[in-house]
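One structure is given here, and the rest of the page talks about it.
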Amino acid sequence: MGHPVIHATSARAHEERRHFWIGGAWHVPAAGLDGPCVLVRDPAGRDSVGCVPDGTAEDVDAAVAAARQAFPAWSASGTGTRQRLLTAVAEGIRKDEDQFAALISAEMGAPVDSARLVQTRLAADVFASYAELLDGLAWEERIGSSQIVREPVGVVAAITPWNYPLYLIAAKAAAALAAGCTLVLKPSSDAPLNAYRLAEVFEAACAEAGVPGGVFNVVTGSGAVVGKALTTHPDVDAVSFTGSTEAGRTVAADAAATVKRVGLELGGKSARVILADDPDGPTVADLPAAVRTALADAFANAGQTCTACTRVLVPERLYAETVSLAAQEAARLTLGDPALPGDHLGPVATSRQYADVLAYIDTGIAEGARLVAGGKASADRVPEGLEAGHWVLPTVFADVTPDMTVAREEIFGPVVCLLPYRDEAEAVRIANDSVYGLAGAVWCADARRAEDFARRMRTGLVTVNDGQFSVLAPTGGYKQSGVGRELGVHGLHEYTELKTIQW
Ligand code: NAD
């Protein structure tokens, strides 16, 4: 009953979902099977790829009640049961990785190879990482005459965006379930189909692990209705939100009335600093590699990565050479059909995002930045037959000053700004001159200087040279980039309360 009705349309299947996943069953929405739906559009410009029900507060009530009912047994479950469920979910995602990749690619435009390699496998890795870290995790400690006991916070509402839809669900669901919480998920209406596929993985995994299905529930719909019903619900104990800083403020304010625990993973405007080999020197070891790495990071996922370093700070003496290398590298990159394998860039995910990115490019030009590559894609750079898609070329702005809009606001598209700096003190000042503090990067041949610089950046994550991401290390933001951390043991602790029992 929960399985989608698939109509073969032009190039892709159209996946109609009519139910919610609530209490371990496919649940008919309060508005009925023919109630209002949200269309999921293909960013590459083909027909819509599916639809999901537009949920109501009544649907949220049903999902929260199911999560509440499942909480006592799940919070009392042992490590072995939790590990079995998390492992079965990780394996279920891995087994269906081609299907997940095709869905994510169709919903939000990531080229299918990166939808598989990054978006899908990372999600499976997160579920597996929580199964592993439960081994040997300390739940209690003794302080003086007190026993300190870590307990699950309760029913969690998880609200997620479209840019890495499955991975960002995994970061919340795996940590909350490992902590012993039960969950109601509201995925983004722009990319909700992968969440339905995940609910099917949960259906099988719960059966395999002998766990009641109500530990994980899914309701779709708008932020204003379903999101708000969750953040204001008296029976939700904690909200974990990933999305824009603007919506995060509303979520925090709405959750304040019932004093919920709130985790926020928000926007960023991160800086990458290329350091000269010695502080006064005129060279950077392998500047072409530094520029290639910078652009690969900024343009990954068509620039729709919250941690993307979209401000690249370059020593003044090397500025002209860097601008020319960046312009050449951006021009070499191609746009392509996300359904096809390859390392091309896909379209921007939504029409709103597309309009916003193009408006930012116009603002950059109007404020005096120099467009050295990219902009709205001309017909000859757009994949044939997909002219209606949201195509933005990899875009590079030079002569950017720290006060320009394009250097201050999150664009969330394939747009990178190159800023010159005179000395390291100025580089630190520019890098930290942001309301955000999500991420940063340092490129330097001298590892000691790179680490020293990383420690001076006011952000939750700093990548040195081609440093690797770990699913066990905490991520999260300073300043207006968020509150709390996700992933690993630090992420699990966000879903717990501490109780002191004293004698
Ligand atoms: P968004 O804020 O528009 O929406 C995110 C989710 O919140 C969606 O499910 C939406 O329906 C819901 N929502 C919106 N308003 C709400 C409200 N008032 N109450 C409850 N729920 C509400 O964000 P988006 O456009 O989907 O995603 C892009 C943004 O996400 C970017 O700003 C990006 O930087 C940020 N992001 C941050 C991280 C991180 O880890 N810090 C990761 C990925 C994306």
Sole exception among (1) open to solvent by 20 Å² or more (accessible area, probe 1.4 Å); (2) under 30 Å from LEU386 (Cα atoms) for ALA57, by number: (2)
task: Residue by residue through region 384-401, note down the ones that are within 18 Å of SER351 (Cβ to Cβ) and of a type outside the set (A, V, I, L, M).
output: GLU387, GLY389, HIS390, TRP391
field: Output for region 59-90, where each listed residue is among the small types (Gly, Ala, Ser) and part of a helix (DSSP H, G or I)
entry: ALA62, ALA63, ALA65, ALA66, ALA67, ALA70, ALA73, SER75, GLY80, ALA88, ALA90
- line: Out of (1) within 11 Å of the ligand (Cβ to nearest atom); (2) open to solvent by less than 10 Å² (accessible area, probe 1.4 Å); (3) within 29 Å of VAL435 (Cα to Cα), the one GLY221 does not meet is (3)
message: Considering only residues that are in a loop (DSSP other than H, G, I, E, B) and closer than 30 Å to ALA115 by Cα, which ones fall in region 349-373?
response: ALA349, THR350
- prompt: Any idea how many residues of region 466-487 are more than 16 Å from the chain's Cα centre (by Cα) and not in a loop (DSSP other than H, G, I, E, B)?
  reply: 2
task: Given the conditions (1) open to solvent by 40 Å² or more (accessible area, probe 1.4 Å); (2) more than 20 Å from the chain's Cα centre (by Cα), report the number of the one that VAL462 does not fulfil.
output: (2)
message: Which condition from (1) out of contact with any Phe, Trp or Tyr (no Cβ under 7 Å at 6 or more places or on another chain); (2) in contact (Cβ under 8 Å) with a residue 60 or more places away in the chain is the one that ASP280 breaks?
response: (2)
- prompt: Quick one: how many residues across region 372-402 are surrounded by 16 or more Cβ atoms within 10 Å (Cβ to Cβ), more than 30 Å from PRO315 (Cα to Cα) and in contact with a Gly (Cβ under 6 Å, 6 or more places away or on another chain)?
  reply: 3
message: Return the residues of region 287-300 that are free of Cβ contacts under 8 Å to residues at least 60 places away in the same chain and either surrounded by fewer than 19 Cβ atoms within 10 Å (Cβ to Cβ) or polar (S, T, N, Q) (or both); say none if nothing qualifies.
response: LEU287, PRO288, ALA289, ARG292, ALA296
field: Subset of region 229-253 (residues that are closer than 19 Å to GLY55 by Cα, without any contact (Cβ under 8 Å) to a residue 60 or more places away in the chain and within 7 Å of the ligand (Cβ to nearest atom))
entry: ALA247
- request: Considering only region 159-193, state which residues are polar (S, T, N, Q) and either modelled with pLDDT under 95 or away from the ligand (no atom under 13 Å from the Cβ) (or both).
  value: THR182
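The values are calculated or read from the model by the stated rules, or taken from the named source; none is laboratory data. Predicted model, so just to flag it, every value in this text is computed and none were measured. A quick note on method: Cβ atoms are made from the backbone with ideal geometry, for glycine too, and the neighbour counts reach across all protein chains shown. Accessible surface areas use protein heavy atoms only, side chains included; no ligands, DNA or RNA. Shrake-Rupley method; radii C 1.70, N 1.55, O 1.52, S 1.80 Å.
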